[in-house]
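Novice: This is the structure I have questions about; it appears just below.
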Amino acid sequence: MPRVAVVVLGCVPGVVAATVLALFAVGVERDGGGQAVREVAARPAARIAPRPDILPRSAWLGPGAVPARAAPRYDDKVVAVFVHHTDSPNGYDCADSPRIIRSLSAGQTGGRDWDDIGYNFLVDRCGTIYEGRAGGVDRPVTGAHTQGFNHRTAGIAAIGTFTAGAEVPRAMTDAIAAVAAWKLSLGNTDPRTHVRLVSSNSRSRYTAGTPVLLPALAGHNDGYMTTCPGAALTAHLPQIRQTAARLQGRATP
């Protein structure tokens with residue numbers, strides 16, 4: 001558990017007391033072996049980032065599309081996001097993104113027999129953000145994107161393949177940062193920190209029941225044995241975290 005400095009505030013004026021709390025409420029996260037991982041400041045107040053434009057499911061659901069086959073499930077909040085790539089061609093016209101998402105959905109609901117598309121959000125090369133899994137973009141919908149770590153997280157998929165050497169459009173990384181900043185801000189999570197998650201499936205990188213510290217804005221491969229989201233997109237994650245933090249109004253460390 002984080003260690004918290006205790007101060008006596010009974011005689012401190014309200015504004016000063018708030019400042020003291022912000023300065024002194026500091027904890028140290030530790031890994032499973034008790035080793036200090038990083039210092040994490042207490043979060044005194046939520047920093048709600050602007051909600052970006054998100055096209056609803058109706059923008060890609062069309063003739064032949066498979067609707068959600070079960071009621072959505074929810075967690076209490078979202079404390080982390082996982083970034084993916086869809087492992088599909090890159091040279092598409094953005095006007096064709098709805099058809100691509102329908103195809104991805106059909107592969108997951110048909111070929112894998114899932115209840116719905118697994119990703120909570122999808123972003124195309126032009127920076128357009130689409131609602132993926134049903135249940136409401138502003139709610140903590142349980143996705144099916146990162147085996148072992150679908151609870152209290154959201155999945156953001158970049159449409160395309162971003163292995164080593166691939167170009168990652170700036171519009172795409174900006175959109176990923178925008179939706180991650182907004183979604184994480186609803187749970188008052190700084191995208192530059194680490195958060196404690198518990199694996200629910202031993203097929204992940206960690207045995208079921210194992211608590212682990214993972215980046216609040218993580219790549220798929222942080223939680224699962226995969227090369228997703230690809231080396232090229234993974235290289236952009238540090239800057240995406242910084243952009244997301246700026247959108248939340250957080251100072252650069």
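Novice: Is one or more of the residues making up the stretch 121-141 within 22 Å of residue 213 (Cα to Cα) and in contact (Cβ under 8 Å) with a residue 24 or more places away in the chain?
Specialist: The answer is yes; a qualifying residue exists.
Novice: Can I ask one more? Taking residue 183 as meeting all but one of (1) buried (at least 20 other Cβ atoms within 10 Å of the Cβ); (2) closer than 17 Å to residue 116 by Cβ; (3) not small (Gly, Ala, Ser), write down the number of the exception.
Specialist: Here residue 183 clears every test but (2).
Novice: Small (Gly, Ala, Ser), surrounded by fewer than 18 Cβ atoms within 10 Å (Cβ to Cβ) and more than 21 Å from residue 87 (Cα to Cα), is that true of residue 209?
Specialist: Yes.
Novice: Considering every residue within the stretch 173-183, establish whether at least one is farther than 12 Å from residue 79 by Cα and either in contact with a Cys (Cβ under 8 Å, 6 or more places away or on another chain) or of a type outside the set (A, V, I, L, M) (or both).
Specialist: Scanning the stretch 173-183 turns up at least one residue that is farther than 12 Å from residue 79 by Cα and either in contact with a Cys (Cβ under 8 Å, 6 or more places away or on another chain) or of a type outside the set (A, V, I, L, M) (or both).
Novice: Quick check: anything in the stretch 93-100 within 22 Å of the chain's Cα centre (by Cα), outside any helix (DSSP H, G or I) and not hydroxyl-bearing (Ser, Thr, Tyr)?
Specialist: no
Novice: Any residue that is in a helix (DSSP H, G or I), in the same structural domain as residue 233 (by TED's automatic domain parsing) and surrounded by 18 or more Cβ atoms within 10 Å (Cβ to Cβ) - is there at least one of those in the stretch 75-92?
Specialist: Within the stretch 75-92 (the criterion being in a helix (DSSP H, G or I), in the same structural domain as residue 233 (by TED's automatic domain parsing) and surrounded by 18 or more Cβ atoms within 10 Å (Cβ to Cβ)), the answer is no, since none of the residues qualifies.
Novice: So for the stretch 167-180 (the condition being among the hydroxyl-bearing types (Ser, Thr, Tyr), crowded, with 24+ Cβ neighbours inside 10 Å and closer than 18 Å to residue 85 by Cβ), does at least one residue qualify?
Specialist: No, there is no match, as no residue in the stretch 167-180 is among the hydroxyl-bearing types (Ser, Thr, Tyr), crowded, with 24+ Cβ neighbours inside 10 Å and closer than 18 Å to residue 85 by Cβ.
Novice: Also: Determine whether residue 65 is surrounded by 17 or more Cβ atoms within 10 Å (Cβ to Cβ), assigned by TED's automatic domain parsing to the domain that holds residue 198 and of a type in the set (Gly, Ala, Ser).
Specialist: When the stated conditions are applied, residue 65 passes them.
Novice: Still on this model: Within the stretch 212-250, which residues are touching a Leu at 6+ places or on another chain (Cβ under 9 Å), closer than 22 Å to residue 86 by Cβ and not small (Gly, Ala, Ser)?
Specialist: 214, 215, 217, 222, 229, 237, 240, 241 - these are the residues of the stretch 212-250 that are touching a Leu at 6+ places or on another chain (Cβ under 9 Å), closer than 22 Å to residue 86 by Cβ and not small (Gly, Ala, Ser).
Novice: Which helices (runs of 4 or more DSSP H) sit wholly inside the stretch 131-243 and have at least 3 residues that are small (Gly, Ala, Ser) and at pLDDT 95 or above?
Specialist: 170-185
Novice: Any idea which residue in the stretch 28-49 is surrounded by the most Cβ atoms within 10 Å (Cβ to Cβ), counting only those that are in contact with a Ser or Thr (Cβ under 9 Å, 6 or more places away or on another chain) and either in a loop (DSSP other than H, G, I, E, B) or modelled with pLDDT of 95 or more (or both)?
Specialist: If we take residues in the stretch 28-49 being in contact with a Ser or Thr (Cβ under 9 Å, 6 or more places away or on another chain) and either in a loop (DSSP other than H, G, I, E, B) or modelled with pLDDT of 95 or more (or both), then 49 is surrounded by the most Cβ atoms within 10 Å (Cβ to Cβ).
The values are calculated or read from the model by the stated rules, or taken from the named source; none is laboratory data. Predicted, not measured: the structure shown is a model, and the values here were computed from it. Using ideal geometry, Cβ is built from the backbone for each residue, glycine included, and neighbour counts are taken over all protein chains shown.
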